[in-house]
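Nothing in this text is a laboratory measurement; each read-out follows from the coordinates by a stated rule. Nothing here was measured: the structure is a model prediction, and the numbers come from that model. Cβ placement follows ideal geometry from the backbone for every residue including glycine, while neighbour counts extend to all protein chains displayed.
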């Protein structure tokens, strides 16, 4: 497991899983949000995002956290593992609300500098809407993954714990 792609809706736990797995297997974590946003919550031009993604996926090892479907193909071409966090809408909404309250006004470690956590009703609607088109795209990606790619569909915290339990802590020492 050298190149891991983690996808799922906002609040699914992608960044948390990426960081934890990176610690366990000794692989660097790449977050897509800083490639998607400029400071001040300004969206980058997609050509610039694609160039940043392309540069990142050329590295020998990475855990790539992010659900930007526009870059699924670029990442999957190099990935050896694909993890879909298929987490319920209620759990994801709760996590996003909790994250907003806990981190309000501060920039999260997985986010672009100059993009502080904020309350945004439009974003909450977008999070809720993921269960439609976003989830369908993720499921289609799982089905289309090449045979050489190990595919995992984790549906809740227990699945995530069981997945992480496969990696002994001593393996990274």
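Sorting the segments 106-115, 28-37 by their residues' average number of neighbouring beta-carbon atoms within 10 angstrom, most packed first, yields 28-37, 106-115.
Extension gain for residue 1 to residue 113 (0.36 nm times residue separation, less C-alpha to C-alpha distance): 37.4 nm.
In plain terms, the chain from residue 102 to residue 150 could stretch by 13.8 nm, reckoned as 0.36 nm per residue minus the Cα-Cα distance. Note on residue 44 and residue 58: the extension gain reaches 3.0 nm, defined as 0.36 nm multiplied by sequence separation minus the Cα-Cα distance. Among beta bridges from DSSP that stay inside the chain, the antiparallel ones total about 10%. Rounded to two decimals, the Cα-based Rg/Rh of region 1-80, with Kirkwood Rh, is 0.95. Each DSSP beta bridge with both residues in region 1-96 is either parallel or antiparallel, and the antiparallel ones are about 15%. The calculated 222 nm mean residue ellipticity attributable to helices in the chain amounts to -13500 deg cm²/dmol, summing -39500 (n - 2.57) over DSSP H runs of n ≥ 4 and dividing by all residues. Between the alpha-carbon centres of region 8-40 and region 41-57 there is a gap of 15 Å. Here the Kirkwood formula puts the hydrodynamic radius of the chain at 16.5 Å, using every distinct Cα pair.
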